[in-house]
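The values are calculated or read from the model by the stated rules, or taken from the named source; none is laboratory data. It should be emphasised that the depicted structure is a prediction, and the values quoted were computed from it without experimental measurement. Please note: Cβ atoms are built from the backbone with ideal geometry, for glycine as well, and neighbour counts cover all protein chains shown.
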Amino acid sequence: MSGLVRLLLGLVLLGGIAGMVFWFGGAKESGVGASGTQSSTTSQNSSGPLASSAERVWESSTQCKECHEDVWSEWHGSHHQIAYLNPSVRKLSEDFRNKECQACHLPVPISMTGYAMRTLPRQTYPEEGISCLSCHLGKSGEVLARATVDSAPCKPVASEDFVSMRLCESCHNQHKTTDQWRASPQFQAGTSCNDCHMPEVERKGVDGSTHPGRGHRYLGAHDKPTLLKAGKFDVTKIGDEIELRLENIGAGHNFPTEERHRAVDMMVRFVNGDGTPSDWTRGYRFRQPYRDEPGENTQLPAGQAKAVRVGIPKDAVKAEARLWYRLTPFVGDDSPESTLLEERSVDLR
């Protein structure tokens, strides 16, 4: 090997190491601890417009706000942005003592670890969680997008990987959600993750022109209208029993999916002749148990239905049923982590 070739290979290696040091060690020292607090110093390249993406070091989502304030405002406050500092997440992960959780709640740019591959945690900007750069930054420091726009200040470059669901898969297949999607009727019909969770919107460019874009609120488990699209809930009297039935018609994956603490409950109670209701009882729970918890996975796959029957008490004149979505499994109906999706009643007289 010639001296020139060795020199060039050495420069390439140093460039790769420098990039890894920035994202894993941090050009911006954050001092992220168990509490999620930080003390930071931003580099001189963190603000101020420059001529091209190659001339600027992209390190924070706040840089994107200069031109994309509408997108930034949607992302800011979303469950992507608060992914690392979210109190519920910190409680469930024991303040991230479960190190497995950090990789997807504070990820380096997905392009660096590989699309559809397990990502790794970064040590910078904990307040940005899953940041703009987690998805939009390419291996060489370029900005990735659905189209190449040379006239834009950041000079975005079109990327097939960026617009594919392999981008989502790096984190959202840890609990097999994208595998479930590929097995769903929605996948066969050509519906992508983005069609539901990042619906099409119209964006304005810096020059006033309009172009198609995607919403950045990441609608899902915390959005009731999105949850209502997932299932069809029915209650029917069949002989001396009540049938509770849920069909997964719209989720495009299991319902519920993702984290093991998500649960969907079909609840029922009966009202007697003098109007006195019984206590609410659970007819069925859809959930994947924790690893150390007994029980089987009862999540409802896309396109499938589950029906259970409950005996009718002799003095009952009415049956009432409710469908609940719970962000964590061991909470009551009055908890802010419980969302009432549907209510049904059946006259038994």
Test: residue in region 63-86 that is modelled with pLDDT under 90, in the same structural domain as ALA158 (by TED's automatic domain parsing) and part of a loop (DSSP other than H, G, I, E, B): no
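Matching residues to (1) aromatic (Phe, Trp, Tyr); (2) part of a helix (DSSP H, G or I); (3) farther than 15 Å from TRP75 by Cβ:
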{"position": "GLU100", "(1), (2), (3)": "no, yes, yes"}
{"position": "MET112", "(1), (2), (3)": "no, yes, yes"}
{"position": "MET117", "(1), (2), (3)": "no, no, yes"}
{"position": "GLN123", "(1), (2), (3)": "no, no, yes"}
{"position": "CYS135", "(1), (2), (3)": "no, yes, no"}
{"position": "GLY141", "(1), (2), (3)": "no, no, yes"}
{"position": "SER151", "(1), (2), (3)": "no, no, yes"}
{"position": "LYS155", "(1), (2), (3)": "no, no, yes"}
Spans of strands (runs of 3 or more DSSP E) in region 275-349 with at least 3 residues exposed (fewer than 14 other Cβ atoms within 10 Å of the Cβ) and of a type outside the set (Val, Ile, Thr): 338-347
Answer from ASN297, ASN272 - the residue that is closer than 22 Å to ALA183 by Cβ and either assigned by TED's automatic domain parsing to the domain that holds SER338 or basic (Lys, Arg) (or both): ASN297
Criterion: over 21 Å from GLU259 (Cβ atoms), over 18 Å from the mean Cα position of the chain (by Cα), of a type in the set (A, V, I, L, M) and assigned by TED's automatic domain parsing to the domain that holds ALA147 - qualifying residue of VAL163, VAL201: VAL201
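So that you can scan it fast, the table gives a plain yes or no per residue for (1) closer than 25 Å to LEU348 by Cβ; (2) free of Cβ contacts under 8 Å to residues at least 60 places away in the same chain:
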{"position": "THR257", "(1), (2)": "no, no"}
{"position": "ASP265", "(1), (2)": "yes, no"}
{"position": "PRO277", "(1), (2)": "yes, yes"}
{"position": "ARG282", "(1), (2)": "yes, yes"}
{"position": "PRO289", "(1), (2)": "no, yes"}
{"position": "ALA319", "(1), (2)": "yes, no"}
{"position": "ASP334", "(1), (2)": "no, yes"}
From the options VAL310, VAL271, residue that is touching a Gly at 6+ places or on another chain (Cβ under 9 Å) and in contact (Cβ under 8 Å) with a residue 40 or more places away in the chain: VAL310
Residue within region 171-185 that is farther than 30 Å from LEU120 by Cβ and in the same structural domain as MET117 (by TED's automatic domain parsing) present: yes
Pair list, Cβ < 9 Å and 6+ apart or interchain, from region 72-95 residues that are of a type in the set (Asp, Glu) to residues that are buried (at least 16 other Cβ atoms within 10 Å of the Cβ): GLU74/GLY215; GLU74/HIS216; GLU74/ARG217; GLU74/TYR218; ASP95/GLY36
Residue within region 302-323 that is under 25 Å from the mean Cα position of the chain (by Cα) and closer than 23 Å to SER88 by Cα present: yes
